[in-house]
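> Take this structure first; my questions come after.
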Amino acid sequence: MFTNFNPISTMNLRPTRLTTLLATLGLTVSASPLFAGLKDGMKEGTPDLQSIGALTFGPEGILFAADPKGAAIFALACEKADAGTAGKIEKLDAKIAATLGTTVDNILIEDLAVNPEDSAVYVSVSRGRGPDAKPVLLRVAGAEVAVVSLEKATFSKAPLADAPEDKEVGEGRRRENRRLSSITDMAWINGMLAVAGLSNEEFASTLRVLDFPFTGTQKGSSVEIYHAAHGATETHSPIRTLVPMDIAGEASIVASYTCTPLVVIPVKQIEPKAKITGKTIAELGNRNKPLDMIEYEKDGGRYILMANSARGIMKVNTKGIDKAESITEPVPGGGSKGLPYETIEAWKGVTQLAKLGEKQAVILQQDDAGQHLATVELP
């Protein structure tokens, strides 16, 4: 969940691949009927979300919400909040449960994102567990937690044409419904929406770049990577979290997978039905699941901050990322290789994070008492 604004996307233009190409060539486009506002084409109604997962913001207060079960992405026009930035909220999960009239064990916080227009925090929540869970969107502004009504919302929808079938497969501990990983993370980059997840293709790991406003159904590129901790090329494990990054003047995606390879994929390679190979630039250790990432600059350096299930918060130094060697040999024993990182020991139990301006982040931390929201300085 990360918002990376390109100058062209702040204009009253429709940022399609054409505008992105013109911007790359150093050309500008005047506002005209050909390049309408981002909210043109949206309609008023109630979006038919079957679930809610990853969140990310684009410009103009447009929130993108993933519906993995429904295999679709919804763009929602958000109204500005009055109360401003969320402060520290102890036991946010308990406060959300009370707002929804239920108990903490009956909700699951899926993701959070900060609206750059007003600094309000949006939180996606599943109310209930299993296939009958209901999607809920909440807004945290100041100390107030409120449900965002989706009735009479201004929205648009992008169905994914090649999502996995909605059914459980496998046996025992390996039993899973791969549809629920049809969308694992998203990011706004150069006037487009990058979407990671699984498809029903032979090479199931998929990365899509969607023009916005949305235009019909979207097919993606199959992605293969070399997974150094496993010593194998993989095509079926989805990207778990990603950030957009300009690398040597080229728009790119930096993506992380379970067990924990870090991979670079140039955006220009992402085309419908293409088979692309990501460049593994770091191996950050096995028996670990990356949970969230942001990219930021501080004291002249550029860093990726990654929350993990088992390895704490990693601050990855991206100096030399454009010249990083591709890792093509096994890294055994849970070791690391490639880009260097340090562990931010002061940040314990972080499960989600989002940038708040250029110097701060909003984080969700979990401990024995519950899940807590806090605003912190970037390390």
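> Would you confirm whether or not the range 148-164 contains a residue that is touching a residue at least 24 places away in the same chain (Cβ under 8 Å), farther than 22 Å from LEU242 by Cα, among the basic types (Lys, Arg) and in a loop (DSSP other than H, G, I, E, B)?
For the range 148-164, residues touching a residue at least 24 places away in the same chain (Cβ under 8 Å), farther than 22 Å from LEU242 by Cα, among the basic types (Lys, Arg) and in a loop (DSSP other than H, G, I, E, B): present.
> Can you find even one residue in the range 189-206 that is aromatic (Phe, Trp, Tyr) and either touching a Leu at 6+ places or on another chain (Cβ under 8 Å) or assigned to a strand (DSSP E or B) (or both)? Give the derivation first.
Our first condition is that a residue be aromatic (Phe, Trp, Tyr); within the range 189-206, this holds for 203.
Checking which are either touching a Leu at 6+ places or on another chain (Cβ under 8 Å) or assigned to a strand (DSSP E or B) (or both) leaves us with none.
No, the range 189-206 has no match at all.
> Just give me the residues in the range 231-241 being free of Cβ contacts under 8 Å to residues at least 60 places away in the same chain and crowded, with 20+ Cβ neighbours inside 10 Å, in sequence order. So that I can check it myself, show each step before the final result.
Residues of the range 231-241 that are free of Cβ contacts under 8 Å to residues at least 60 places away in the same chain, as a first pass: 232-240.
Result: PRO238, ILE239, ARG240.
> A further question follows. Could you list all residues from the range 71-85 that are modelled with pLDDT under 95 and on the phi > 0 side of the Ramachandran plot?
Of everything in the range 71-85, just one residue is modelled with pLDDT under 95 and on the phi > 0 side of the Ramachandran plot, namely GLY84.
> For PHE155, are the conditions met, namely being at pLDDT 95 or above and under 26 Å from GLY61 (Cα atoms)?
yes
> Taking the range 81-109 only, how many residues are closer than 13 Å to GLN366 by Cβ and more than 23 Å from the chain's Cα centre (by Cα)?
So the count comes out to 4.
> Among the residues of the range 310-338, which ones are in contact with a strand residue (DSSP E or B) (Cβ under 7 Å, 6 or more places away or on another chain), within 22 Å of ILE363 (Cβ to Cβ) and assigned to a loop (DSSP other than H, G, I, E, B)?
Result: GLY312, THR318.
> List the strands (runs of 3 or more DSSP E) that sit entirely inside the range 241-284 and contain at least 3 residues that are over 17 Å from the mean Cα position of the chain (by Cα) and over 17 Å from SER199 (Cα atoms).
279-283
> Kindly evaluate ARG179 against the criterion of being free of Cβ contacts under 8 Å to residues at least 24 places away in the same chain and not in a loop (DSSP other than H, G, I, E, B).
So ARG179 does not fit the description; no.
> What tally of residues in the range 63-97 results from selecting those that are among the β-branched types (Val, Ile, Thr) and buried (at least 23 other Cβ atoms within 10 Å of the Cβ)?
Number of matching residues: 2.
> Out of everything in the range 167-224 that is among the basic types (Lys, Arg) and crowded, with 18+ Cβ neighbours inside 10 Å, what residue ends up being nearest to ILE62 (Cα to Cα)?
Here the answer is ARG208.
> Residues of the range 284-307 being touching a residue at least 12 places away in the same chain (Cβ under 8 Å) and over 17 Å from VAL376 (Cβ atoms), which ones?
Selection gives LEU284, GLY285, ASN286, ARG287, ASN288, LYS289, PRO290, GLY301, ARG302.
> Find the residue count for the range 67-110, including only residues that are touching an Asp or Glu at 6+ places or on another chain (Cβ under 8 Å), within 22 Å of THR184 (Cα to Cα) and not in a loop (DSSP other than H, G, I, E, B).
5
> Which residue pairs have Cβ atoms closer than 6 Å, lie 6 or more positions apart in sequence or on different chains, and pair a first residue in the range 355-379 that is of a type in the set (Lys, Arg) with a second residue that is assigned to a strand (DSSP E or B)?
Every condition considered, the pairs that remain are LYS355/ILE294; LYS355/ALA361.
> On to the next question. Can you pull out every residue in the range 211-240 that is part of a loop (DSSP other than H, G, I, E, B), under 17 Å from the mean Cα position of the chain (by Cα) and not aliphatic (A, V, I, L, M)?
PHE212, GLY220, SER237, PRO238, ARG240
> Another one. Determine which member of the set ALA361, ALA307 is touching a strand residue (DSSP E or B) at 6+ places or on another chain (Cβ under 7 Å), under 24 Å from GLY142 (Cα atoms) and either assigned to a strand (DSSP E or B) or modelled with pLDDT of 95 or more (or both).
After applying the criteria, what remains is ALA361.
> Going residue by residue through the range 274-297, is there one that turns out to be under 28 Å from LEU55 (Cβ atoms), surrounded by fewer than 13 Cβ atoms within 10 Å (Cβ to Cβ) and out of contact with any helix residue (DSSP H, G or I) (no Cβ under 8 Å at 6 or more places or on another chain)?
yes
> Just to verify a result, which residue in the range 36-54, among those that are over 28 Å from ILE107 (Cβ atoms) and buried (at least 19 other Cβ atoms within 10 Å of the Cβ), is modelled with the lowest pLDDT?
Residue satisfying both the conditions and the ranking: LEU38.
> Related question: Which numbered condition in (1) of a type outside the set (Asp, Glu); (2) touching a His at 6+ places or on another chain (Cβ under 7 Å); (3) at positive phi is the only one that ILE89 fails?
If we test ILE89 against (1) of a type outside the set (Asp, Glu); (2) touching a His at 6+ places or on another chain (Cβ under 7 Å); (3) at positive phi, just (3) comes out false.
> What's the total number of residues in the range 207-248 that are at positive phi and in contact with a helix residue (DSSP H, G or I) (Cβ under 9 Å, 6 or more places away or on another chain)?
1
> For the range 268-292, name all the residues that are in contact with a Phe, Trp or Tyr (Cβ under 7 Å, 6 or more places away or on another chain) and of a type in the set (S, T, N, Q).
THR280, the sole residue that qualifies.
The values are calculated or read from the model by the stated rules, or taken from the named source; none is laboratory data. These numbers were taken from a predicted model, which means no experiment stands behind them. Counting neighbours? That spans all protein chains shown, and the Cβs are built from the backbone with ideal geometry, glycine included.
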